[in-house]
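Structure first, commentary second.
The values are calculated or read from the model by the stated rules, or taken from the named source; none is laboratory data. Since the structure is predicted, the reported quantities are computational estimates derived from the model, not experimental observations. Glycine also receives a Cβ, built like all others from the backbone with ideal geometry; neighbour counts cover every protein chain displayed.
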Amino acid sequence: MNNTQMVHIGMINSFNVLMGKASVEDVVNSGIGMFAHSPDEETAMKSIEFMIYYFEKHEMYEKCTELKKYINKTFNKDGSYKENCCECDMPDIQEYSSKIKCSTCNLTLKR
């Protein structure tokens, strides 16, 4: 497999994972587990914008449209993640992490 093929496969794999068409495990187990984004971390908007640029360059406009919808659904204009915040009157916390979630509704608690 040459470098061009590896880059393209990484773009397709990332696209499929982000769009819910494949899981990270499916891709890794396939033997071609290359990605254009880091599947272990939340995907930064800049990585997705780069993917859009790549697909536009190769005239794969359907993928661009899906990725743009994903950006609009996932990110604020400044590149931060949109958060669905807990609106429970009495949130319950079972686990503490960098993003604390209400164990009743499973939404993020706004600080």
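Points to keep in mind about this one:
- Entry remark, the stretch 59-110: residues being over 17 Å from ALA44 (Cβ atoms) and not aliphatic (A, V, I, L, M) number 28 in total.
- Looking only at the stretch 1-27, and only at residues there that are modelled with pLDDT under 95 and more than 21 Å from GLU66 (Cβ to Cβ), the one that is farthest from the chain's Cα centre (by Cα): MET1
- Test: residue in the stretch 41-54 that is closer than 22 Å to ASN76 by Cβ, in contact (Cβ under 8 Å) with a residue 40 or more places away in the chain and surrounded by 12 or more Cβ atoms within 10 Å (Cβ to Cβ): yes
- Selection from the stretch 61-103 of residues that are surrounded by fewer than 13 Cβ atoms within 10 Å (Cβ to Cβ), among the charged types (D, E, K, R) and part of a helix (DSSP H, G or I): GLU62, LYS69, LYS73
- Long-range neighbours under 9 Å by Cβ, at least six apart or interchain, first residue assigned by TED's automatic domain parsing to the domain that holds ILE48 within the stretch 1-19, second in a loop (DSSP other than H, G, I, E, B) and charged (D, E, K, R): PHE15/LYS21
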